[in-house]
Amino acid sequence: MEAVNRNIFAKGDTVRNTAAGDGAGGGGGGGTVIIKANTYFTNNLNINVSGGKGGNVNNGFDPAANRCMGPGGGGGGAVWYSVPTSPVGINFTALGGATGITSWAGAHPSCALLSNGGRDGDIGGSLYDLSLVEGSRLYIPHTFSVCCDTTICKGESVLLTSTHTGTAPLSISWNSGDNTSSINVTPVNTTNFITTATDGIGCTITDNANIIVESLNLGVYAAPSDTILEGTLVTLNAILSTIDTITRTPSTSLSNINSNNPTFTATDNITYCAYGETSNGCKDTDCVTIVVIPKIDTLQPFNIAIPNAFTPNSDGKNDELTIFYTGNHTEKEFIIFNRWGELVYSTNDLTKGWNGKFKDAEQPLGTYVYYLTLKNASDNPPDKKYTGSITLIR
């Protein structure tokens, strides 16, 4: 250690204000100066660890009161060397602070200008052969980071990694419940993965990785229905979210295979599929099968009438789909198909109507296709067959 004409102060504070009525504060105690060195080269190194003076009290507002306070002075501090004797060239001062007094001469005689039992602080001193206990654990700056924010397609997985340095032992905790440095995740929705890192002395750092899940859900359907009459113009619709490209196969008869809503004229049963892809490479596929009912004869005789819609909602109005007719016709067969080509109603009794149910379950709103086969009582002319569509409204 080398010190020439230097000063080290660790003095106790002096109470500078005068208290009124109550005891003032005591003087501050001197501090302790620790000097740890193997060799000393000192000349006029001044070390002062004296105590501070206690505060004074002024009881002048009530001279008859016997309020005798005695704030003491602060004790002197110490200097602690790592060698067995005081090094040469050090000027050490460790005086005790003076006591405070009742400063008003007109105070009660037992108190005036007296310390009232308060006393000066004790003198400090020197200590030798300092031995410091040093920790065996090396402190390492605490750092932590998580990689990385990214966008994935729904169903894909991504590896999240963390970098962690600091005083051992180190630990991390993810909000997913994992506690390893790297985790493989497959989030269903966009998720912010947050993790907290802790070092061996309890310091924590929080970081996160935001994973955006891009979902492409194609929904393909045909309008006016999946089951239509031969020759009907059909529109293929696609329900989709964000998308950059869409392609349909086969391209047979489609107006535009890259359109969201291409059209075609139905002639035979066919399945169309749509393929979509986003700019991030997320893909989805959906298909629709068009059931085409051959057109037999859509021209009904003047004495046969079939409504094009009915409302089976139990309000007493149009609750059944009924054939209206005059003349001597009998029904040989009346059948109805839903949009998927499934037979939902069949009868050979013209006096009965369809109540909109299939297997006792109410059928949904939509377009339905019917076949009607008629004959007259004389079987002359021969049976007539008719097709058409009706709309169920709820």
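The values are calculated or read from the model by the stated rules, or taken from the named source; none is laboratory data. Everything numeric here is computed off the predicted structure, so don't read it as measured data. Cβ sites come from the backbone with ideal geometry, for glycine too, and all protein chains shown count toward neighbours. Ligands, DNA and RNA are stripped out before the accessible areas are found, and what is left, the full protein with its side chains, is counted by its heavy atoms. Shrake-Rupley method; radii C 1.70, N 1.55, O 1.52, S 1.80 Å.
Measuring from each cysteine beta-carbon in the chain, the ones with no other cysteine beta-carbon under 4.7 angstrom are Cys203.
Using only alpha carbons, the range 97-165 has a radius of gyration to Kirkwood radius ratio (Rg to Rh) of 1.66. Dipole magnitude for the chain: about 1080 debye, using +1 per Lys or Arg Cβ and -1 per Asp or Glu Cβ, origin at the Cα centre. Distances between every pair of Cα atoms in the range 1-120, grouped in 5 Å steps from 0 to the bin holding the largest one, split as 3, 13, 18, 16, 11, 10, 8, 7, 6, 5, 3, 1, 0 percent. Between Lys283 and Ile194, residue separation times 0.36 nm minus the direct Cα-Cα distance comes to 29.2 nm.
In this structure, the amide hydrogen of Gly97, modeled 1.01 Å from its nitrogen in the peptide plane, lies closer than 5 angstrom to those of Gly51, Gly52, Gly74, Gly75, Gly76, Gly121, counting only residues at least 5 positions away or on a different chain.
Length gain on complete extension for the stretch Ala105 to Ala223, per 0.36 nm per residue less the alpha carbon to alpha carbon distance? Write down the numbers at each step before the final one.
Values: separation 118, 0.36 × 118 = 42.48 nm, distance 11.05 nm.
Taking Ala105 through Ala223 to full extension adds about 31.4 nm, to one decimal.
What's the local net charge at Thr285, with K and R +1, D and E -1, over the other residues with C-beta under 14 Å away? Could you put the intermediate results ahead of the total?
Working: positive: Lys154, Arg248, Lys283; negative: Glu277, Asp284, Asp286.
Neighbour charge sum, excluding Thr285 itself: 0.
With θ taken as phi - 60° and the Karplus curve 6.51 cos²θ - 1.76 cosθ + 1.60 applied, the whole-hertz 3J(HN,Hα) list for the range 332-342 is 8, 6, 9, 10, 10, 10, 8, 5, 9, x, 8 Hz, x standing for glycine and proline. Expressed in units of 2.2 N^0.38 Å, where N is the residue count, the Cα radius of gyration of the range 199-257 is 2.28.
How much of the pair distance distribution for the range 134-278 lies past 26 Å, counting alpha-carbon pairs only, in percent?
So the portion of pairs separated by more than 26 Å is 53 percent.
Other residues lying with their Cβ under 15 Å from the Cβ of Leu365 contribute a combined charge of 0, Lys and Arg counting +1, Asp and Glu -1.
With protein chains left intact and a 1.4 Å probe, residues in the chain average 54 Å² of accessible area per residue. Under 5 Å from the amide H of Val344 lie the amide H atoms of Ile336, Phe337, Asn338, each residue being 5 or more positions distant or on a separate chain, with H modelled from the backbone and absent for Pro and chain starts.
Per atom type, the chain shows carbon and sulfur on 50% of its accessible surface, probed at 1.4 Å.
Summing +1 for each Lys or Arg and -1 for each Asp or Glu among the other residues whose beta-carbon sits under 11 angstrom from that of Thr99 gives +1.
Please go through the range 112-150 and write out the chymotrypsin sites (Phe, Trp or Tyr not before Pro) that DSSP classes as loop and that have at most 12 other C-beta atoms within 10 Å.
Numbers: sites: Tyr128, Tyr139, Phe144; in loops: Tyr128, Tyr139.
In loop regions of the range 112-150 (DSSP not H, G, I, E or B), the sparsely surrounded chymotrypsin sites (Phe, Trp or Tyr not before Pro) are Tyr128, Tyr139.
Do any chymotrypsin sites (Phe, Trp or Tyr not before Pro) in the range 1-101 lie in a DSSP loop with no more than 11 other beta carbon atoms within 10 Å, and if so, which?
Values: sites: Phe9, Tyr40, Phe41, Phe61, Trp80, Tyr81, Phe92; in loops: Tyr40, Phe61.
Passing both the DSSP loop test and the Cβ count: Phe61.
Here the range 122-182 is treated with +1 on each Lys and Arg Cβ and -1 on each Asp and Glu Cβ, and its dipole about the Cα centre works out to around 280 debye. What Kirkwood Rh does the range 149-192 have if only Cα atoms enter the pairwise 1/r average? Answer in Å. In the range 149-192 this quantity evaluates to 12.0 Å. Using the Cα coordinates of the range 67-137, the gyration tensor eigenvalues translate into equivalent-ellipsoid semi-axes of 41, 14, 7 Å, sorted from longest to shortest. Derived scalar couplings between HN and Hα for the range 225-235 equal 6, 6, 10, 9, 7, 3, x, 6, 7, 10, 10 Hz in order, rounded to whole Hz, by the Karplus curve 6.51 cos²θ - 1.76 cosθ + 1.60 (θ = phi - 60°), x for Gly and Pro. In order along the range 362-367, phi translates into HN-Hα couplings of 5, 8, x, 4, x, 9 Hz, rounded to whole numbers, per the Karplus curve 6.51 cos²θ - 1.76 cosθ + 1.60 with θ = phi - 60° and x for Gly and Pro. Put simply, the amide H of Leu127, placed in the peptide plane, has neighbours under 5 Å in Val79, Trp80, Tyr81, leaving out anything fewer than 5 places away on its chain.
In terms of Cα atoms, the Rg and Dmax of the chain work out to 50.1, 148 Å.
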